[in-house]
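Shown next, in structure tokens, is the structure this report addresses.
The values are calculated or read from the model by the stated rules, or taken from the named source; none is laboratory data. Computed from a predicted structure; not experimentally measured. Reconstructed Cβ throughout: ideal geometry from the backbone, glycine too, with neighbour counts over all protein chains shown. Just so you know, the surface numbers come from the protein's heavy atoms only, side chains and all, with ligands and any DNA or RNA stripped out. Shrake-Rupley method; radii C 1.70, N 1.55, O 1.52, S 1.80 Å.
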Amino acid sequence: GKLGRYPPWPGKIVNPPKDLKKPRGKKCFFVKFFGTEDHAWIKVEQLKPYHAHKEEMIKINKGKRFQQAVDAVEEFLRKTKGKDQASSHNSSEEKNRRNSSEERGKQSAAEEKRKASLSEGKLKKGTGEGKKRVSSVSSERGSKSPLKRAQDQSPRKRGRPPKDEKDLTIPESSTVKRVMTGTVAGFKWPPSVSEPVKDSDPHFHHFLLSQTEKPAVCYQAITKKLKVCEEETGSTSIQAADSTAVNGSITPTDKKIGFLGLGLMGSGIVSNLLKMGHTVTVWNRTAEKCDLFIQEGARLGRTPAEVVSTCDITFACVSDPKAAKDLVLGPSGVLQGIRPGKCYVDMSTVDADTVTELAQVIVSRGGRFLEAPVSGNQQLSNDGMLVILAAGDRGLYEDCSSCFQAMGKTSFFLGEVGNAAKMMLIVNMVQGSFMATIAEGLTLAQVTGQSQQTLLDILNQGQLASIFLDQKCQNILQGNFKPDFYLKYIQKDLRLAIALGDSVNHPTPMAAAANEVYKRAKALDQSDNDMSAVYRAYIH
């Protein structure tokens, strides 16, 4: 499950409600957290033994709520122990449970052994209390799973205990660990972190980064309304703002939202904004694309200038730097609708120079500007599971909270304008290069007489296994190149990433090679197909 930014927290595995679907993918359990009455789906390999880590976790978490949760665990264990002593341990049911737990224990032993070796000695840099806290919380970055298996006091050491006896401790989400780079300066969970915000999305996480020259990072979980964490040391500050509540829902902002650009990404975003109750006015260069959203309750804007002038916050998501500039600076453009207090959020993936120029002209008219390019594809956009990289006006970032929750699963605030553009280009450079490598491998397999399906099966069993790898290989194997992410746009991003490297004299030979392959694919009329159609550039 997508937990949010919680500290290690004890819980027990319970039967989920009958109408609650189990998440697809790896096997997971439905967990009830002691002391909070919250619930979440937790992957089977992501549970951590309660007894082995109890003292460690009590040292980390000083809050009353955590102590109450621990007291609730101990009370539960006392009751369970009493029941166990009173019942027969020789029943067929008990034997079945033991057998099944031993079987699962065998399967998990190797995985736990691997995790233990991975976790040893990571993130040893850092100072004082912060260093201790990170190492004790999560078994470090090297560990693939932030949550580990539960155990009780019975002889079933590695096995899965009966459903009413499982006690576990849950560290912070793996997403936090993935962001954890550089020296660790501090890791603080305020006492209130266990009190989830009631009006927020259980799947959404904020990250707030204010950049300085020092590489140290500080994580702090905070409530939905983001606040700035000012470190005395002047170190880099990343805040994981917990805007999650299990079984919670999004409270839409009462601000009027505008949206310009209804392409693959924009369409899914607008649909989710409307579903979550936002008031949205839409505009698209080809007006007929607006019709579907008008039927869903959106209002129609005649020009970008009109949308901006009638709305409080206007988002835009267009194809490239030229389109982004034309939208703002062209006739009846965004700039003509900007007046003091108007907010403009550009979600297009463009270069830092372009976005900096747009920010300057918007702010010069008294407007507020945020860049917020998104990492994802059409499917993730439709599902409201985009990753949002934002930079610019921090207050505007906070004002966009309900919108970002509606359209995404995570948002990062990266500081000054231009940072999000650079980061987005680097992310897409990696993705585009990887896609070309996948295509290269599949075609080489084919011409050397190897089964492409078998290659995919092998990759899916290894460390490269991912949704992206599987989906793109399936596209190729099925010859289905319906666009989820246009090939022409990933080539544009590679081109801009290479230019970014040029600007700082940094070599990007992998991206440059991949770019040449995408250019060949474009010459073969693959521009409007999915990026996986780069495969066709390799076919002789």
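Here are the numbers for this structure:
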quantity	calculated
Pairwise FRET efficiency - Q68 versus T310, Cβ, R0 = 45 Å, nearest 0.05	0.35
Order of exposure, largest accessible area first, which applies to F315, F76 with probe 1.4 Å	F76, F315
Listed peptides 273-286, 436-449 by packing density, highest first (mean Cβ within 10 Å)	273-286, 436-449
Amide hydrogen neighbours beyond the local backbone of V282, cut-off 5 Å, H modeled	F259, R299, L300, G301
Extension gain (nm, one decimal) between D470 and K22, 0.36 nm per residue minus Cα-Cα	159.2 nm
Order by protection proxy (mean Cβ within 10 Å, highest first), peptides 528-538, 343-353, 409-419	343-353, 528-538, 409-419
With all protein chains modelled, accessible area of Y50 [1.4 Å, Å²]	10
Computed magnitude of the charge dipole of the stretch 406-494 (debye, nearest 20; Cβ of K, R +1, Cβ of D, E -1)	220
Rounded to the nearest 10 Å², the accessible area of E398 at probe 1.4 Å	40
Cα-projected label distance for K81 with R520, points at 7 Å along beta-carbon direction, nm	6.9
Sequence of E296, E371 when ordered by accessible area, the most exposed leading, probe 1.4 angstrom	E296, E371
Rounded FRET efficiency, nearest 0.05, which uses the C-beta distance separating K255 from E416 and R0 of 22 Å	0.40
Rounded accessible area of D71 (nearest 10 Å², 1.4 Å probe)	80
Distance between modelled label sites at A52 and I458, nm, 7 Å Cα→Cβ extension	3.4
